[in-house]
Each structure stands twice: as structure tokens, then as C-alpha cells.
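What follows is a short report on a single structure.
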Amino acid sequence: MVTTGTAQDLLDATRRAHDALAPVRPSGVRTGTRDEWVEALGALQSLLNEATALQDEVVVELAALEPEWAEDGTVRDVRRALDAPAIVSGVLCLSAVAAEQRVRDAVRRAADGPEGTPTSTGLGGLHTAMTQGRLDGHRAHVVSGELEECPAEVRATVVAALDPWLDREDGSRLRRRVRRMLAAIDPDLLRQRARRAREASGLRRWVDEPGVDTWLGTFPSEEACGAWAAVGALAQRYLEDGVCARIDRARAKALTDLVLQQSTVTTTVVEHHAHPLTGALVDDGDALATPAYRPGAALAGLVRARDRHCRFPGCSVAARWCDLDHVVPWPAGPTSAANLVCLCRRHHRTKQRPGWRTLLAPDGTYTVTDPTGRVRSTDPPDHRADPALSDLPDPDHSPPPACPPRVVVPDGPHSDLEHALESRLGGERWGRAACRVEVHRPARVSTVVTTDDHPRRPRPTGWPDTPPL
């Protein structure tokens, strides 16, 4: 924690550091030996680590100040723990999720209380290593993530034992070392963690490149094993039949084909008008507005379709899980599309704190001003048809785009030919026999998949309740 000086003292010191580095930034003709540049690189990383540790302490100070209304109508700051990611998100240009994690990491590392007290986190050793320039924020996050479910005393023991390797091993090696230590201290901790991870498995989807969606899923190992075998077998057939040219594309097509073969999807299309400049969905003439506090089903559907997710800057919570917030509080503000936005419950409450101001423009742009005066805006999704995406080529029947020259390094990246050989031959180069997978598919069952009703598949028989470790 920062125990001496003021925020202004810290700001002045930071500005002096900026001024000190400005004249020595390498530019133009650079001189120096390789050893000197390597030493400079290490020194700068050490400085970054110390600055990150100091930033943690500043975040802790910021998170301890909560504005509240006094009895005389003024706003005052009181010192008690609060959730401050909304402000940190704007200052550090982070998403809402990343800002929340940043605040949480800072508090756990830099606000570690005395051993045996309720405020003890056991992670103070990580903060100490960062102040010494030996540990960066990423690797500290890796270690603390591995110790997430452990008691404070176990965390402190592991961090102390890990200290000699904090300035010499990367995140992956530190992760494995932590797991070995936990297995020696208390194997049940790893078993409990695996059980919780299985219960939390799930699938997420978001729009990535134009015309492409990204899926991210975590699955119980036994389910993933069977599903991957099915995907691999069908993908191999697509390669042999010439349906797809690459194994990764064949796997993607196999996955979606297998899913669609096992379900019936019903799609309902509702037409709305789009704003000519931004493409935001609008309610012409406020036809769906109501004098009541709660919007009708049609108005709620329009607002959720317009916003798609929480409109607070940096937040991506899906609209179906959001509140419909009156930008100008009802009844002073109407219940209409021009005064309603989707806000997740966290940011709905944040917006109501002292000092926050919001504005919804007629074109759908949502502007948020935080208590420090920082202004951020989010644009509504553009619902107009994109002519650039109207005639996208079929990825399985069009020549691949030109690729930049590959950088050849040991063991990768592999060419398409290497991928094909590895898939077809099973990797005899490494002394392994070709892999033959037999997939026994059950009889096809047609189910209706809707947004509110997801039939559950029966749990496979024969699998243990807890994963063997």
C-alpha cells in the first residue's frame, strides 16, 4: 500500500520519469553492443514491473474511495471497499471484464493483510516480487489464478516456495510448478478444482472477422473425446472427398454439420427500420412507446435487437441478460426506444451512482461520463446490409487467399502438405501407428432448439462422478 506522499506527489514523480526517458529513446542512428541492448531491455522490463506494482497500489487506493450523497445533498468520498472497475476501464482502456479482473488482482496482491486475519490473501509475495522488478503482471496473474481456490495460508506457502523461480521462468512453467506443489501439499485441492471446472464448462460465441464467428468452449474430457473423434472422422471424409481443402476448415464444417443434423432450428425474423446514418434500429414515430414504466414486448424486443449487448463502454453482456434502463428516469423520461438502453445489472447500478451521467442520441449513440469527467461512447450495431458481405465466396469452393511468406522455425509452422500427411498417416515420423477411429453414432433424434428451451442430453453411463487425477 502507498503509505507516504500524496496522489499529486506520485503524479509529479511519474511525469519526471517520462521526462527522464524522453531524451534517451532510441531513434535515428543507434549505437551499442548486443549485450548493452539486452541489458537495457531487462532494465526496462524491471521498471515496467515496478510500475505495475505501484499501479496496483494506486488501484487499491482508488477502489477504497466510494462517493455517496451526504445529508445536505453534497457528494463526499468515504473509505470502504467498493467495486471500481467502471472507472479503471475508462482510464486504462480495458473491457469491463478485464477491468474487473485488474482491480481484483491489484487488491489481492497489494492489499494482503496480516496472516490469520480476514484480509489475508496470501499473495503479498507476488506484489513484493513485482516491486523488486522480478515479476511482471501477466505471470503474477497466472500464479494467482492457479491458487484461486486455495486458502490464504496455502497460497502464502506456495508463493514463498515459488520465489526462486519468479524471475527466471515463463508463465507456463510457473503454472506447472504451482500444480506440482499443490499436488504435494493437498491433492484434494486439485480434485475440487477439476470438479468445479467441469461444472463451469460451457460454450460462447461472438462475431470476429466480417462474415466469421468465433466459438470458445470448455467441455468435460470424456464428452470432448467422443465429440472430437466424431468431428475428426467426418473432417477426414471431407478431405478425401474434396469437400474441403484444409483439415482445420474440414473440422469446422464437420462440427456445424453434426450439430445441425441433430437438431431442428426455428428462426423468427422481425423487420425493423434502421437509422440511415448509423444503421441502428429505430421506432418510427415512437409507435411502440407506452406511458407505463415497463415496456411492452414489442418495444423490449426492438431495444434488445438494436443494442444486442450491454451498452456501457467495454461491456459485452448479451442483451437478453440485461435490464432495460430509462436514460432519463421515468416518469420524467418516456418509456420509448429513444430513452431505453440495455445495461447489465452491474452497470445499471454504476450509472446510478453520484457523478455518473449518460446520454442516448437519436442515432443510437450512447455516451457515458464518469465522475472524473472522462467521456466514452458506444455506437449501436449497424443493422444495414453490408454490400461487402453480400456475395462472400464459399470457403470450400474458392481459391485460398494469397498468404504472406511463412517464417520457418523448428517444428513449425507447418505447411498444408504437412497437415495433410500428419492427418492421413498418423505421424509415423514419430514412431506412432496411424490412428483409426471408429465412431458409433446413435439413432438420430430430432429436437427443437429455441432461445429459451435447451433439451439436456443424458449423461453418458460408465463415467466416474469425479475425474481421475
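The values are calculated or read from the model by the stated rules, or taken from the named source; none is laboratory data. Remember, it's a predicted structure, so these values are computed and weren't measured experimentally. Cβ coordinates were reconstructed from backbone atoms using ideal geometry, including for glycine residues, and neighbour counts include every protein chain displayed. Heavy atoms of the whole protein, side chains included, go into the accessibility calculation; ligands, DNA and RNA do not. Shrake-Rupley method; radii C 1.70, N 1.55, O 1.52, S 1.80 Å.
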* To do: Would you mention how many residues in segment 205-219 are open to solvent by 90 Å² or more (accessible area, probe 1.4 Å) and closer than 15 Å to V259 by Cβ?
  => 3
* Qualifying residue in segment 143-157 (condition: surrounded by fewer than 23 Cβ atoms within 10 Å (Cβ to Cβ), touching a residue at least 60 places away in the same chain (Cβ under 8 Å) and among the small types (G, A, S)) -> no
* List the number of the failed condition for R306; all other conditions in (1) part of a helix (DSSP H, G or I); (2) under 29 Å from C93 (Cβ atoms); (3) open to solvent by 40 Å² or more (accessible area, probe 1.4 Å) hold. => (3)
* Asked: What is the one condition in (1) in contact with a Phe, Trp or Tyr (Cβ under 8 Å, 6 or more places away or on another chain); (2) loosely packed, with under 14 Cβ neighbours inside 10 Å; (3) over 23 Å from D394 (Cα atoms); (4) of a type in the set (D, E) that E222 does not satisfy?
  -> (2)
* **So E240, is it at negative phi, within 27 Å of the chain's Cα centre (by Cα) and in a helix (DSSP H, G or I)** => no
* Structure fact -> Taking segment 1-54 and the residues there that are of a type in the set (V, I, T) and either farther than 30 Å from T119 by Cβ or in contact with an Asp or Glu (Cβ under 8 Å, 6 or more places away or on another chain) (or both), the one that is modelled with the highest pLDDT would be T52
* Just checking, which of A252, A230, A197 is in contact with a helix residue (DSSP H, G or I) (Cβ under 7 Å, 6 or more places away or on another chain) and among the hydrophobic types (A, V, I, L, M, F, W, C)? -> A230
* Is it true that W206 is within 22 Å of the chain's Cα centre (by Cα) and aromatic (F, W, Y)? -> yes
* Structure fact -> Flagged pairs (Cβ under 9 angstrom, 6 or more apart or on separate chains; first in segment 200-219, within 18 Å of P381 (Cα to Cα) and modelled with pLDDT under 90; second open to solvent by 100 Å² or more (accessible area, probe 1.4 Å) and polar (S, T, N, Q)) are none
* Out of the residues in segment 106-123 that are in contact with a Ser or Thr (Cβ under 8 Å, 6 or more places away or on another chain) and without any contact (Cβ under 8 Å) to a residue 24 or more places away in the chain, which is surrounded by the fewest Cβ atoms within 10 Å (Cβ to Cβ)? -> P114
* Asked: Can you tell me which residues in segment 267-301 are open to solvent by 70 Å² or more (accessible area, probe 1.4 Å) and modelled with pLDDT of 80 or more?
  -> A287, P291, Y293, R294, A297
* **Selection status of W321, open to solvent by 40 Å² or more (accessible area, probe 1.4 Å) and within 16 Å of R294 (Cβ to Cβ)** => no
* Among (1) buried (at least 17 other Cβ atoms within 10 Å of the Cβ); (2) closer than 12 Å to F312 by Cα; (3) free of Cβ contacts under 8 Å to residues at least 60 places away in the same chain, the one test that H347 misses -> (3)
* Tell me, yes or no, whether segment 171-186 has at least one residue that is without any contact (Cβ under 8 Å) to a residue 60 or more places away in the chain, in a loop (DSSP other than H, G, I, E, B) and surrounded by fewer than 15 Cβ atoms within 10 Å (Cβ to Cβ). => yes
* Structure fact -> Scanning segment 124-137 for residues that are open to solvent by 20 Å² or more (accessible area, probe 1.4 Å) and part of a loop (DSSP other than H, G, I, E, B) gives Q132, R134, D136
* For W228, state whether it is of a type in the set (A, V, I, L, M, F, W, C), open to solvent by 60 Å² or more (accessible area, probe 1.4 Å), farther than 30 Å from L123 by Cα and assigned to a helix (DSSP H, G or I). => yes
* Structure fact -> Within segment 311-350, residues being part of a loop (DSSP other than H, G, I, E, B) and under 17 Å from the mean Cα position of the chain (by Cα) number 8
* Residues located in segment 43-59, provided they are over 15 Å from T128 (Cβ atoms) and open to solvent by less than 20 Å² (accessible area, probe 1.4 Å) -> V59
* To do: Using the structure shown, decide if L189 is within 28 Å of V159 (Cα to Cα), modelled with pLDDT of 90 or more, part of a helix (DSSP H, G or I) and open to solvent by less than 60 Å² (accessible area, probe 1.4 Å).
  => no
* To do: State the number of residues belonging to segment 192-204 that are in a helix (DSSP H, G or I) and open to solvent by 80 Å² or more (accessible area, probe 1.4 Å).
  => 3
